[in-house]
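*Asks:* I'd like to ask some things about the structure below.
Derivation of every value follows stated rules applied to the coordinates shown; laboratory data play no part. Predicted model, so just to flag it, every value in this text is computed and none were measured. Glycine gets a Cβ as well: all are built from the backbone with ideal geometry, and neighbour counts include every protein chain shown.
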Amino acid sequence: MSFTLPGIGPKTIVKLEKLNIKSDLGLLYHFPYRYLDFSKSIKISQAPLEQNVTINGQIQSINNLFLRNGKSLQKIVLTDSTGSIDLIWFNQPYLTKNFQQGQVWAFAGTTSLYHGHKTIFSPEYGQFNTGKIIPIYPETKGLTSRWFRKTISLHLNLLLKNIIDPLPPKLLSQNSLLNLNNALKEIHLPQNQSSLNKARYRLAFDEINSLLALSHLQKKSWETFSPKFILKNYSISKLINYFPFELTDSQKKAWQEIKADLLSKNKVMNRLLCGDVASGKTVLALLSAYLTSQNQKQSLILAPTEILARQHFATFKHYLKDIPIILLTAKNYLPKTIPKNAVIIATHAAIFQKEKFTDNLALLIIDEQHKFGVNQRSFLNSTHPPHTLTMTATPIPRSISLTIFGNLDLSTLKNLPKKRLQVKTFLVPQNKIFNCYHWLSTDIKKNKTQAFIVCPFIEESETAITIKSAKKEFELLKQIFPDLKLELIHGKTKTETRNEILTKFKNNKINILVTTPIIEVGIDFPNATTIVIQSAEHFGLSQLHQLRGRVGRGALQSYCYFFTENTNKGAIERLKYLEKTIDGFKIAEFDLKTRGPGETFSTLQHGFPSLKIASFSDVKLIESCQLFIQQLQQNYPNFDLKKLILNQNSLSLTGKHLN
Ligand code: ADP
Ligand code: MG
């Protein structure tokens, strides 16, 4: 894989690499992100204003004017049989060298009226840039769209020489798809808008197919694993009866799905349990671990934070009284011998002691999966992985679950345990912040409730700077609430201090807990009824929804307040969406549409593939692709799905795909 095109020397290669173009193929797959339609050639007198046109004419005069402020202006007067038009560029003194008086040239651009003259500012010129629909490419210094247009136009046939369409022609015509060569030709040199649309559709189709094929193959390869241990069915009714509530229908259904996986003799579970905040995912972890333990096998439950690990530890100890429950954090080491039916609850510190428990480990549960990087998640995936259940509170839109998570089986908790009071959500304008604090203070005193205040926190992980700002904010808040008890915890708070504070908060000895978003995941304090989120615009909507889920867990009405300094209309609208929507799925869909998957799911999965043409919110396209792959597999059973996987250079996979 390299460059074979004439005229691409070492200097150009360095520049191309800046755009992540590493070969001829990479160049071919460097797609324009928009186009200008200069296909309309017109006489000067007929050229309408404010439209894209191409004009052929003779150069009447060329001027390079140097302005007083050190800037310069280039002006050409062009004439044809019907009139004259001014062409003006700025600060391109060398440009005029390209032209000579009397020559005939084509120029293209948007016409306007300037000092009473028809004028085109910064027109395009020359055969590759006028008289047609011209592509605009992602550029870098020294590689302009002009360069791409010329290079690709001149060498397109060479670039296409080794391109073979992997899709059977018959399927292409059945699905009205352009063949690959034509699509690639059209994307760079479109003949007209409709053929361009067809090309874009075909290439979008390929991008989605690539992801689907990848998921499909990953799923297949996981299916070749045989379970490490064959688990038997034991009654779990003792545990179910011990719960102080009845399982919801969703929980029952998910349990059936998980149980079938656990008891399967030839398949290892690889399942994603997806359920909104407080939908009761822990119950399923309990049931799975219980069944595993009955089989005298171990379970490992990974929690993203120590707070959550401790909370799970308490819950598991409470419900699974006869089973050894072991807590494993950065500080405590595993005992030399671990009972063979133990349930180990761990933070990712478990990675460093993994040899100790892999022997008898039959079940791995990863809670709040989106907080783990790929490395952490796959650390137990050897050739003999344990049954794996990943749990996430980020609702995953169907389009995403089909493509990115297509390799996992999916269980969804749709209905929440009981009708909870809806958290009332408000975007608080700058000038009402003090009122809001005043109200909060009154509410805490009157109703003995508690609150979280989440401090600005911009980076994905806490840094010295963000912690400093949290500390500063904490000092300020102490002055605002002089007669209330406030405490601060952040990612660098010592574990003992943190546990002390959390215990005090749980016992209502603290009124307001000031934190960074480490409280996002899992924490369960039913008496906390208000959450204030500062600089809310820095968060994704799904993330805000999760933060909001920290309240509304008890019987009292709960409130969520967003503060923002941002007055950008889009940002405000996005936050306002949360005022009226509590459905996590809808929020995730909305986030996906307005911010794109990278931002919506960046914490859900590292290495999210970035699509060049297709969109993850295009459910229709994704469904068509899914059908297409089915057709392909039915009609061409020997077709190798690997052929659908675009290489790194043509689909910019930014990291490793999910295992
Ligand atoms: P999450 O899905 O966010 O992890 P949890 O498992 O922490 O949610 O459950 C949230 C709360 O709901 C807990 O207090 C739990 O005891 C309770 N809960 C779970 N299942 C039910 C149920 N079927 N009926 C009533 N309450 C339930
Ligand atoms: Mg949870």
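*Asks:* Angle check, please: helix 281-294 long axis (alpha carbons) against the longest principal axis of the chain (alpha carbons), in degrees 0 to 90, nearest 10.
*Replies:* 60
*Asks:* Residues in region 125-139, backbone N under 14 Å from the label point at GLN191 (7 Å along the Cα-to-beta-carbon vector): list them, ranges by number please.
*Replies:* Within reach of a label on GLN191, which here means backbone N under 14 Å from a point 7 Å along Cα→Cβ, region 125-139 contributes 133.
*Asks:* Where in region 230-270 are there trypsin sites (Lys or Arg not before Pro) that are in a DSSP coil and have at most 15 other Cβ atoms within 10 angstrom of their Cβ? Don't jump to the answer; show the numbers that get you there.
*Replies:* On the way: sites: LYS232, LYS238, LYS252, LYS253, LYS259, LYS265, LYS267; in loops: LYS232, LYS265, LYS267.
Sites meeting the loop and neighbour criteria: LYS232, LYS265.
*Asks:* Separate question: Any idea what angle helix 569-580 forms with the longest principal axis of the chain, computed on alpha-carbon atoms, 0 to 90 degrees, nearest 10?
*Replies:* Roughly 30 degrees, rounded to the nearest 10.
*Asks:* Here's a follow-up. Excluding residues on the same chain fewer than 8 positions from LYS253, give the lysines whose Cα lies under 20 Å from its Cα.
*Replies:* Excluding near neighbours in sequence, the set is LYS232, LYS238, LYS267, LYS281, LYS414, LYS418, LYS419.
*Asks:* Which loop-located trypsin sites (Lys or Arg not before Pro) does region 272-346 contain, where loop means any DSSP state but H, G, I, E or B and the Cβ has at most 16 other Cβ atoms within 10 Å? Don't skip to the end; give the middle numbers.
*Replies:* Numbers: sites: LYS281, LYS297, ARG310, LYS317, LYS321, LYS331, LYS336, LYS340; in loops: LYS297, LYS321, LYS331, LYS336, LYS340.
Loop-located and lightly packed - LYS321, LYS331, LYS336, LYS340.
*Asks:* Obtain the radius of gyration and the Kirkwood radius of region 245-331 from its C-alpha atoms and give Rg over Rh.
*Replies:* Details: Rg = 13.5 Å, Rh = 14.1 Å.
Rg/Rh: 0.95.
*Asks:* Mind checking which of THR144, TYR33, ILE88 is farthest towards the positive end of region 1-150's charge dipole, using Cβ charges of +1 (Lys, Arg) and -1 (Asp, Glu) about the Cα centre?
*Replies:* Among THR144, TYR33, ILE88, the one farthest towards the positive end of the dipole of region 1-150 is THR144.
*Asks:* Let me ask you something else. Can you give me the Kirkwood hydrodynamic radius for region 1-116, using every pair of distinct Cα atoms, in Å to one decimal? If you can, show how the numbers build up before the last one.
*Replies:* On the way: mean 1/r = 0.0583 Å⁻¹.
Taking every pair of different Cα atoms in region 1-116, averaging 1/r and inverting gives 17.2 Å.
*Asks:* Here is a further query. How large is the direction-averaged shadow of the alpha-carbon convex hull of the chain, in nm²?
*Replies:* Working: hull surface 146.5 nm².
Taking the Cα atoms of the chain, their convex hull projects to 36.6 nm² on average.
*Asks:* Relative to the longest principal axis of the chain, what angle (0 to 90°, nearest 10) does the C-alpha long axis of helix 433-447 take?
*Replies:* Roughly 10 degrees, rounded to the nearest 10.
*Asks:* Continuing with the same structure: Nearest 0.05, what FRET efficiency do LEU421 and ASN20 give at R0 = 51 Å with Cβ-Cβ as r?
*Replies:* On the way: r = 50 Å, r/R0 = 0.97.
My answer for the efficiency is 0.55.
*Asks:* Positive end of the charge dipole of region 3-133 (Lys, Arg +1 and Asp, Glu -1 on Cβ, about the Cα centre): tell me which of THR79, ASN64, VAL14 has its Cα farthest that way.
*Replies:* Of the candidates, VAL14 comes out farthest on the positive side.
*Asks:* What residues qualify as long-range amide H neighbours of ILE345, i.e. H under 5 Å apart, gap of 5 or more or another chain, H built at 1.01 Å from N?
*Replies:* ILE301, ILE326, LEU327, LEU328
*Asks:* Once the other residues with Cβ under 10 Å from the Cβ of LEU291 are scored (Lys, Arg +1; Asp, Glu -1), what is the net sum? Don't jump to the answer; show the numbers that get you there.
*Replies:* Working: positive: LYS232, LYS259, LYS297; negative: none.
Around LEU291, the charge tally is +3.
*Asks:* Now for a different question. In whole Hz and in residue order, list the ³J(HN,Hα) couplings for region 243-256 that follow from phi through the Karplus curve 6.51 cos²θ - 1.76 cosθ + 1.60, θ = phi - 60°; x for Gly and Pro.
*Replies:* 4, x, 9, 8, 5, 6, 4, 4, 5, 4, 5, 4, 5, 4
*Asks:* Only Lys, Arg, Asp and Glu count, each charged at its Cβ (+1, +1, -1, -1), so figure out the dipole size of region 1-122 about its Cα centre, rounded to 20 debye. Let's see the in-between values first.
*Replies:* Values: 12 positive and 6 negative charges, 73 e Å.
Dipole size: approximately 360 debye.
*Asks:* Determine, for ARG548, ARG398, the number of other Cβ atoms within 10 Å of each Cβ, and report the residues in order from fewest to most. List each step's numbers first, then the result.
*Replies:* Numbers: ARG548 23, ARG398 13.
Fewest to most other Cβ atoms nearby, the residues stand as ARG398, ARG548.
*Asks:* Now a separate question. Quick one: putting +1 on the C-beta of Lys and Arg, -1 on the C-beta of Asp and Glu, what dipole do you get for the chain around its Cα centre, in Debye to the nearest 20?
*Replies:* Numbers: 82 positive and 48 negative charges, 160 e Å.
The dipole magnitude comes to about 760 debye.
*Asks:* Would you tally the net charge around CYS625, using a Cβ to Cβ cut-off of less than 11 Å, leaving CYS625 out, and scoring K and R as +1, D and E as -1?
*Replies:* Working: positive: LYS620; negative: ASP206, GLU207, ASP618, GLU623.
Taking every Cβ under 11 Å from that of CYS625, the sum is -3.
*Asks:* On to the next question. Only bridges with both residues in the chain count here: give the DSSP antiparallel percent, nearest 5.
*Replies:* Details: 35 of 88 bridges.
Just about 40 percent of them are antiparallel.
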